[in-house]
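**Q** Dropping a structure here in structure tokens format, bear with me for questions.
The values are calculated or read from the model by the stated rules, or taken from the named source; none is laboratory data. Nothing here was measured: the structure is a model prediction, and the numbers come from that model. As a convention, Cβ positions derive from the backbone with ideal geometry for all residues, glycine included, and neighbour counts pool all protein chains shown. Surface accessibility is based on the protein's heavy atoms, side chains included, excluding ligands, DNA and RNA. Shrake-Rupley method; radii C 1.70, N 1.55, O 1.52, S 1.80 Å.
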Amino acid sequence: MGLLNASRLAVRAARCRLSLLSTSKSWFCTKTAPMGDKNILLMGPPGAGKTTVGKIVAHKLGLPVVDVDDDVLEAAWKMPVAAKLAAMGGKRFLEEEGQALCNFSASGCVVSLTGSNPLHDEAMQHVKQDGLVVYLDVDDEDIIQRLTRMKVNRIVGQEAGVSMRDILLYRKQFYEKWLDVRVLCGTGDTVEEVAERVLKAVRRYQNRDEETFVSTRCDSAGRSNPKTYFSDVVVEGLAADGGLYVPKNGFPKLDAREWLRLAAMSYQERALVLLEKCIHPLDVSALDLRTMIFKAYGSNFSSKAVAPVKHLIYNQYIQELFHGPTASFKDLALQLMPQLFAYCLPPMCNYLVLVATSGDTGSAVLSGFSRLSGVDRHRTGVLVFFPEEGVSEIQKLQMTSYSEGNARAVSVLSDFDFCQRTIKRMFGELGLTGHLAVEYGTVLSTANSINWARLLPQVVYHSSAYLDLCRDGVISFGEPVDVCIPTGNFGNAMSAVYAKQMGVPIRKVICASNHNCIVSDFITTGEYDLRGRLLMQSHSPAIDILKSSNLERFIYHISDGDSRLVKDLFTRLDGQQHFEVPEPLLGRMQQEVLAGWCSEDDCLAAIQNVHAQTGYVMDTHTGVAKAVADRLQRGSCPVVLCSTAHYGKFAPAVFKALQTPNIPEDPVEQLKELEVAASRPETHGEMMRCLKESGRRRHTVCPADYSVLVEEVESMIQDSFLKVM
């Protein structure tokens, strides 16, 4: 972090200087250097165009340009680089090259590194002290074509039996290690286009204040408040005025050539590139973000593809979002979010993460935070509230299996809306939050989808689904798809809307509800009416929600950031249990999303029909999506059904759908029997292991009383953290 903090220093001088060994040259900037006296270091593989791009960038910025090959190495060695490599061999050459770079110094210049400089740690540490490393991430095919045309013969490792593709693959790890900023180059980009991308990336790095966040309810659009960065919103969760955080200037948009680059990448690589564009490197460095992502989506997922897309039937495709450790789509966010949360924590405070769950979030957040280690784990506690009668038996077993350390699940004799409303009330009571901070040095936060770091990783899998269809030849980039999502709290649907904002050609986001169809009613009529409405239990409990939090972000998005309108609507909802949006706004909403609902019988019939035709077993939430998609989607383009949970989590309802007699009572035996019936998808070994180990644990059951839940919070803090003296 020291190097990143150093980059925030003010511009100090316009004078640029270069010195190397006994050779000394001087340049004077025609403009104030954009990075002060820090250098812009262009890094990338041989053939990436670093030299030419460096000249263009330097010219546009009025800065001196240094090419390490020509101006440093050949000036020092008094011989061509190719001759030096031929004379010394690759290993010794790397050492000599590294030492030459260690003796190099410059300020306020554009420096084009060699393709092999990053292989020498000491040299890179030296130049990075005074420079911003910009990685030209160029498509391998473009590089190979260029090098073939150029007949390059001075590449370290270029020898008989070693392909250029192997050399590029080996070197990639070093480029990923040293980069500060990635410039993702589209296939076929010209050097002029790459130079423009570099200039854009450098401007972004300098202008962190352009990537601040505002509350959906902030009248002044944040102008009168202290600037709020990504690292702030991750920890705070909910804005002080009760609104939800959103990026002030919206999402970055990728062009078609960038998306096509991503199509050939793994899920982890896609996540890295997309999240780098959404998280400023001064909040989370590129290297640290990479470490988190590859930990989040590694061997803990049962599928190497992480979130694979498979053909279901006709024009329908299914994205399996249940391969994480707790077998639900929540793992895609909650294996990463706790790492981001711990990374952004300020010193000297403990944090208690409060979570309301209708089923899947609870076990996912407990799993994610339990994977933290060391100081991060000791400073962070997790308390989950879930409705005692509103989750499946397997979901309950998963949550109550976490009973040690700083993690606990407590059930409440009420519904999800009461649990969520209670947590929001706790955040809004200054007396309570102040008491916890002063008495225990503990700050409250949340990991529900109201937290931006929960929502943001979900944008990745919607993007990835489209890219999978492109990669597999189902569509060409630019052709539309629809996405059908089982919808309760609207976080999953909102992340699809944001993916569309980034440039994914999603035509319609289809919101699918069960008989608790308040979201469907709202999208259809523009009226959100909780008056006299009771929550009904269903076979799809994760979407048994009446007060949909992330609709607030959607209305803010659709209204072009009209925070006064948002504040008025949701204040009315809190006080009067009702609001209605203006007719023009309803029309704009319906251009973005469709919505429908299905009965319990419709859901079970969809599961039975798909199994009969394909052998595929869907869970009940996916059954809701299938039933609604069949009704609303006309087949004019592919539709991706978001399969948000493994069928085994809702075994009794799935047995009912499949009309299976003599259902075993034990959840483990239920899973075993269902696995026999399902030809696909595959079994979920981690869920089976968890259930076998957990058994039936006793857990705390609380009445629907706010004061009792406050006592649980204080008890959790007392058990988890040392009292502040």
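**Q** Please work out if L569 is among the aliphatic types (A, V, I, L, M) and open to solvent by 10 Å² or more (accessible area, probe 1.4 Å). Break it down into steps so the answer makes sense when it comes.
**A** On the way: among the aliphatic types (A, V, I, L, M): yes; open to solvent by 10 Å² or more (accessible area, probe 1.4 Å): no.
For L569, the condition - among the aliphatic types (A, V, I, L, M) and open to solvent by 10 Å² or more (accessible area, probe 1.4 Å) - is not met.
**Q** Count, please, the residues in the range 434-476 that happen to be at pLDDT below 95, touching a helix residue (DSSP H, G or I) at 6+ places or on another chain (Cβ under 7 Å) and open to solvent by 20 Å² or more (accessible area, probe 1.4 Å).
**A** Of the residues in that region, 1 qualify.
**Q** Out of curiosity, is R425 farther than 30 Å from E269 by Cβ, of a type in the set (D, E, K, R) and surrounded by fewer than 16 Cβ atoms within 10 Å (Cβ to Cβ)? Quick ask: steps written out before the conclusion?
**A** Numbers: farther than 30 Å from E269 by Cβ: yes; of a type in the set (D, E, K, R): yes; surrounded by fewer than 16 Cβ atoms within 10 Å (Cβ to Cβ): yes.
For R425, the condition - farther than 30 Å from E269 by Cβ, of a type in the set (D, E, K, R) and surrounded by fewer than 16 Cβ atoms within 10 Å (Cβ to Cβ) - is met.
**Q** Scan V181, V194 and give me the residue that is of a type in the set (A, V, I, L, M, F, W, C) and more than 20 Å from the chain's Cα centre (by Cα). Give the steps one after another, and end with the answer.
**A** Working: V181 fails: more than 20 Å from the chain's Cα centre (by Cα).
Criteria check complete, one pass: V194.
**Q** Condition (residue is more than 22 Å from the chain's Cα centre (by Cα) and surrounded by fewer than 22 Cβ atoms within 10 Å (Cβ to Cβ)) applied to the range 484-501: is it met by at least one residue?
**A** no
**Q** For L345, only one of the following conditions fails: (1) open to solvent by less than 10 Å² (accessible area, probe 1.4 Å); (2) under 19 Å from the mean Cα position of the chain (by Cα). What is its number?
**A** (1)
**Q** Can D544 be described as at negative phi, in contact with a Lys or Arg (Cβ under 6 Å, 6 or more places away or on another chain), buried (at least 22 other Cβ atoms within 10 Å of the Cβ) and in the same structural domain as E320 (by the TED database)?
**A** On the way: at negative phi: yes; in contact with a Lys or Arg (Cβ under 6 Å, 6 or more places away or on another chain): no; buried (at least 22 other Cβ atoms within 10 Å of the Cβ): yes; in the same structural domain as E320 (by the TED database): yes.
Answer is no for this residue.
**Q** Can you list the helices (runs of 4 or more DSSP H) found entirely within the range 572-651 that contain at least 2 residues being open to solvent by 10 Å² or more (accessible area, probe 1.4 Å) and under 19 Å from N315 (Cα atoms)? Give the derivation first.
**A** Working: elements: 583-592, 600-614, 620-632.
Answer list for the range 572-651: 600-614, 620-632.
**Q** Return the residues of the range 374-419 that are open to solvent by less than 20 Å² (accessible area, probe 1.4 Å), of a type outside the set (A, V, I, L, M, F, W, C) and more than 23 Å from G648 (Cα to Cα); say none if nothing qualifies.
**A** Selection gives T380, G381, D417.
**Q** Would you check which residues across the range 128-171 are touching an Asp or Glu at 6+ places or on another chain (Cβ under 9 Å) and over 21 Å from V202 (Cα atoms) and list them?
**A** If the condition is that a residue be touching an Asp or Glu at 6+ places or on another chain (Cβ under 9 Å) and over 21 Å from V202 (Cα atoms), then D142, R154, V156, G157, M164, R165, L168, L169 are the ones that fit.
**Q** Against the condition part of a helix (DSSP H, G or I) and more than 29 Å from N489 (Cα to Cα), how does Q659 come out, does it pass? Break it down stepwise before answering.
**A** Values: part of a helix (DSSP H, G or I): no; more than 29 Å from N489 (Cα to Cα): yes.
When the stated conditions are applied, Q659 does not pass them.
**Q** Another question about this same structure. Select from the range 150-177 the residues that are more than 18 Å from R290 (Cβ to Cβ) and of a type in the set (K, R) and write down the one among them that is surrounded by the fewest Cβ atoms within 10 Å (Cβ to Cβ).
**A** By that ranking, first place goes to K151.
**Q** Tell me which residues, restricted to the range 692-709, are under 27 Å from L671 (Cα atoms) and modelled with pLDDT of 85 or more. So that I can check it myself, show each step before the final result.
**A** Going residue by residue through the range 692-709, those that are under 27 Å from L671 (Cα atoms) are 692-701.
H699, T700, V701 - these are the residues of the range 692-709 that are under 27 Å from L671 (Cα atoms) and modelled with pLDDT of 85 or more.
**Q** Among the listed residues E269, E236, which satisfies the condition of being at pLDDT below 95, on the phi < 0 side of the Ramachandran plot and open to solvent by 40 Å² or more (accessible area, probe 1.4 Å)?
**A** Just one listed residue meets the conditions, E236.
**Q** Here's a follow-up. Just to be sure I understand the filter: pairs with C-beta atoms under 8 Å, separated by 6 or more residues or on different chains, first member in the range 703-714 and free of Cβ contacts under 8 Å to residues at least 60 places away in the same chain, second member open to solvent by less than 30 Å² (accessible area, probe 1.4 Å) and of a type in the set (A, V, I, L, M, F, W, C). Which pairs pass?
**A** Matching pairs, first to second residue: V708/C702.
**Q** Give the number of residues within the range 250-276 that are assigned to a helix (DSSP H, G or I), closer than 20 Å to G478 by Cβ and not aromatic (F, W, Y).
**A** 10
**Q** Search the range 362-373 for residues being of a type in the set (S, T, N, Q) and within 18 Å of A333 (Cα to Cα), and hand back the single one that is surrounded by the most Cβ atoms within 10 Å (Cβ to Cβ).
**A** Among residues in the range 362-373 that are of a type in the set (S, T, N, Q) and within 18 Å of A333 (Cα to Cα), the one surrounded by the most Cβ atoms within 10 Å (Cβ to Cβ) is S363.
**Q** Kindly indicate whether K656 is basic (K, R), in the same structural domain as A595 (by the TED database), in contact with a helix residue (DSSP H, G or I) (Cβ under 8 Å, 6 or more places away or on another chain) and more than 25 Å from D468 (Cβ to Cβ).
**A** Working: basic (K, R): yes; in the same structural domain as A595 (by the TED database): yes; in contact with a helix residue (DSSP H, G or I) (Cβ under 8 Å, 6 or more places away or on another chain): yes; more than 25 Å from D468 (Cβ to Cβ): yes.
It is true that K656 is basic (K, R), in the same structural domain as A595 (by the TED database), in contact with a helix residue (DSSP H, G or I) (Cβ under 8 Å, 6 or more places away or on another chain) and more than 25 Å from D468 (Cβ to Cβ).
**Q** Output the qualifying pairs, or none if there are none: Cβ atoms under 6 angstrom, residues six or more apart or on different chains, first residue in the range 428-442 and free of Cβ contacts under 8 Å to residues at least 24 places away in the same chain and over 16 Å from P346 (Cβ atoms), second residue in a helix (DSSP H, G or I) and open to solvent by 50 Å² or more (accessible area, probe 1.4 Å).
**A** Pairs that qualify, where the first residue is free of Cβ contacts under 8 Å to residues at least 24 places away in the same chain and over 16 Å from P346 (Cβ atoms) and the partner is in a helix (DSSP H, G or I) and open to solvent by 50 Å² or more (accessible area, probe 1.4 Å): there are none.
**Q** Here are E479, E552: which of them is buried (at least 24 other Cβ atoms within 10 Å of the Cβ) and more than 19 Å from L632 (Cβ to Cβ)?
**A** Numbers: E479 fails: buried (at least 24 other Cβ atoms within 10 Å of the Cβ).
Unique residue meeting the criteria: E552.
**Q** OK, next. Going through the range 239-266 one residue at a time, which ones are at pLDDT 95 or above and of a type in the set (D, E, K, R)?
**A** K248, K253, D255, R257, E258, R261
**Q** When you check H699 against the structure, is it assigned to a loop (DSSP other than H, G, I, E, B), under 21 Å from G359 (Cα atoms) and in contact (Cβ under 8 Å) with a residue 60 or more places away in the chain, yes or no?
**A** On the way: assigned to a loop (DSSP other than H, G, I, E, B): yes; under 21 Å from G359 (Cα atoms): yes; in contact (Cβ under 8 Å) with a residue 60 or more places away in the chain: yes.
The answer is yes for H699.
**Q** Right, another one. So in the range 72-108, with the set limited to residues that are over 11 Å from A123 (Cβ atoms) and aromatic (F, W, Y), which one is least open to solvent (accessible area, probe 1.4 Å)?
**A** My answer is F93.
**Q** Moving on. Hey, could you check the range 109-149 for residues that are in a loop (DSSP other than H, G, I, E, B) and closer than 16 Å to F93 by Cβ and say which is most open to solvent (accessible area, probe 1.4 Å)?
**A** Here is the first cut: in the range 109-149, the residues in a loop (DSSP other than H, G, I, E, B) are 109, 113-116, 120, 129-130, 138-139.
Checking which are closer than 16 Å to F93 by Cβ leaves us with 113-116, 120.
Working: L113: 6, T114: 7, G115: 11, S116: 9, H120: 26 Å².
Checking each candidate, the answer is H120.
**Q** Now for a different question. Could you check how many residues of the range 286-338 are open to solvent by 20 Å² or more (accessible area, probe 1.4 Å) and over 23 Å from D468 (Cβ atoms)?
**A** Residues flagged as open to solvent by 20 Å² or more (accessible area, probe 1.4 Å) and over 23 Å from D468 (Cβ atoms) within the range 286-338 amount to 3.
**Q** Follow-up. What do you reckon, is L534 surrounded by fewer than 21 Cβ atoms within 10 Å (Cβ to Cβ) and in contact with a Ser or Thr (Cβ under 6 Å, 6 or more places away or on another chain)? Show your work before the answer.
**A** Working: surrounded by fewer than 21 Cβ atoms within 10 Å (Cβ to Cβ): yes; in contact with a Ser or Thr (Cβ under 6 Å, 6 or more places away or on another chain): no.
Here the answer is no, as L534 does not meet what is asked.
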